[in-house]
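What follows is one structure encoded as C-alpha cells, with my remarks underneath.
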Amino acid sequence: MKINDKLNEECAIFGVSLTNNEAAGLTYNGLLSLQHRGQEGAGIAIVNDNIIICHKDLGPVSEVFSGRELESLSKGKIAVGHTRYSTSQTSSRENVGPFVTEYLTGRIATAHNGKIQNAKELRSMLLGYGLRFGATSNSELISSLMAYHIIKEQNTLSGIVKAASLLQGAFSLVIASGEDKLIAIRDPYGFRPLCIGENDTGCAVASESCALEACGFEFVRDVMPGEVVIMENGKITHHVLKLHKNDDNYGLCIFEYVYFARPDSVIDSLSVYEARYNMGLVLAEEYPVDADVVCGVPDSGLDAAYGYSAKSGIPLAAGFVKNRYIGRTFIYPTQMQRDSAVRLKLNPLSASIKGKRVVLVDDSIVRGTTSEKIVHSLKNAGAKEVHMRVSSPPFRYTCHYGTDIDSEENLIANRMSLDEICRKIGADSLGYISLEGLKKACGKCVLPFCTACFSGEDR
C-alpha cells in the first residue's frame, strides 16, 4: 500500500455507444475530464465489426494516447475507457484497464472502479476451472468471471448479471461486448458513482457527470444501485434492477463529496460544490474563531472555505499560488517524489496573509505530514496565527471498498488527541467537522452514506 497524507481512490471509467465512429475520441476526452481520479495508467477499448481493439499503458491520458494511438482506434461506435490509480496492486501496464477477455463465442472489454472483497475466493474458483490470469487487478478477475458465465448461461446479458451477482464489495462497471452492446452496472449499495448522459449522437456513461458535460452529453441521471443498463446503437435499450442487497447498511462513499469528485459534478442528486460549500457553513458553526481572513487549500478545500467565509463573515483571501502543472500528489509512485511535489505544488501568497490571523480550510488530515508543511509555510510567509479547519472527521479506520487509506496505526487520529495533533502540525487551533455535520452538509444526496472510515461501523 502506498503511504501518503491524502486519500486515494482507485480509478475512473467512461463508455459510449454512438451512431457514428467518434467513440475513441469522445472516450479520450472523457478520461481527460476524469484524470483527477488517477494518473498511473489509462486505456481505451473500442468495438469495430465485432472485434475489440485496445490500447493501454502507464502514464496520464495525454501521454498514453498520441495522435497515432487514437488513429488506430478511430473506427468504432462503442468504446470503454479507464484511468487508474493503483492501491495495493503493483503499478504495471498489466494492471491497467480496460481488460479484454476472449472466450469461445466472443469477447468483452471491462472497465471497473472499486474493490472486490471476495476477489481471492473468486480467483481461486476460476483457477480451479482452468482459467489463467496475467495481472493482479480486480478488473481482470471481473472480466474473466463474466466471460465464464456468459459461456455457461449461453447469453451475454444473463452471464454478466450472474457474474455481477457473485461480486461482493464496490463495483461500478462499464462493459463493451463484441455484439455491439455497452453495459453499465453499479453495485447494490452504490459505493462508487456512475451516471448516464445522452445527446443526438448517442449515449454515454461515466464515473462523474463532469465528464459527460465535457463531451457534449446532457446528464440524464445516475445509475441506480443494483441497476444494469444496456445501450445499443446509441440508445438505452434496457434497464432493470437485477442485483439486490441484503440490508441497508452501506451507501455512497461520502468522501466523494469531500475530496474525490470534481466540484462541477453532480452525484446522486447532490452538487459536489454545494456539498463542500455546506461543509464550510457547518465548520463555521461548529468551530468559530476570531480571524482576519479565510484561506482554502487548493483545490478541494476552496469550496468549503467559501462556505466558512460566508457563514462567519470573515473575508476570503487567496492563501496559495498553485502550480497547475503538478497533479494530485498521491499520484507520484514514491514518498520522496510526493513530498517534493507538495513543496512545488503550493506556494503561500505572502501579500494576502502576512501579519494576519488565518483560518485555513482543508479537506482532510491523514498522517499530518502535509498539513504540517502547509501550516509552517503560511507562518514562514508571515501569518500571525493559523487556525486549521477540516471538512472531514478524523480518519480512524481503513477502507475495504477501494479507498487507499493508510494502515490504522499510521493514522494520526489514532495516535494523538486533538490537542496533540494541533501542536504536531503547528496550528493555533484545530477543528474537524463532526460526522453528523458532514451528513447534514450532504443531506440532499438521495442515497445513504458509507462512513466506515470515520465511524468503523458497517465494515
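The values are calculated or read from the model by the stated rules, or taken from the named source; none is laboratory data. As the structure is a computational prediction, the values presented were derived from the model and not from experiment. Note that we place each Cβ from the backbone using ideal geometry, even for glycine, and neighbour counts take in every protein chain shown.
Looking at Glu213, Glu256, can you tell me which residue is crowded, with 19+ Cβ neighbours inside 10 Å, of a type in the set (D, E, K, R) and closer than 30 Å to Leu18 by Cβ? Spell out the reasoning first.
Values: Glu213 fails: crowded, with 19+ Cβ neighbours inside 10 Å.
Among Glu213, Glu256, only Glu256 is crowded, with 19+ Cβ neighbours inside 10 Å, of a type in the set (D, E, K, R) and closer than 30 Å to Leu18 by Cβ.
Ala304 - would you say it is hydrophobic (A, V, I, L, M, F, W, C), at pLDDT 90 or above, in a helix (DSSP H, G or I) and touching an Asp or Glu at 6+ places or on another chain (Cβ under 9 Å)?
In short, yes.
Looking only at the range 409-423, count every residue that is touching a residue at least 40 places away in the same chain (Cβ under 8 Å) and either exposed (fewer than 13 other Cβ atoms within 10 Å of the Cβ) or within 16 Å of Ser434 (Cα to Cα) (or both) and tell me the total.
1
Check Arg123, Arg186 and return the single one that is of a type in the set (Lys, Arg) and at pLDDT 95 or above.
Arg186
Give the residue that is modelled with the highest pLDDT, with candidates limited to residues of the range 307-342 that are surrounded by 13 or more Cβ atoms within 10 Å (Cβ to Cβ) and either of a type in the set (Lys, Arg) or in contact with an Asp or Glu (Cβ under 6 Å, 6 or more places away or on another chain) (or both).
Lys311
Condition check: at pLDDT 95 or above and of a type in the set (A, V, I, L, M). Does Leu194 satisfy that?
Working: at pLDDT 95 or above: yes; of a type in the set (A, V, I, L, M): yes.
For Leu194, the condition - at pLDDT 95 or above and of a type in the set (A, V, I, L, M) - is met.
Output the number of the condition that Ser377 fails; it satisfies all remaining conditions of (1) in a loop (DSSP other than H, G, I, E, B); (2) buried (at least 16 other Cβ atoms within 10 Å of the Cβ); (3) over 19 Å from the mean Cα position of the chain (by Cα).
It is condition (1) that Ser377 fails.
Conditions: (1) modelled with pLDDT under 95; (2) in a loop (DSSP other than H, G, I, E, B); (3) over 21 Å from the mean Cα position of the chain (by Cα); (4) not β-branched (Val, Ile, Thr). Pro288 meets all but one. Number of the miss?
Status for Pro288: all satisfied but (1).
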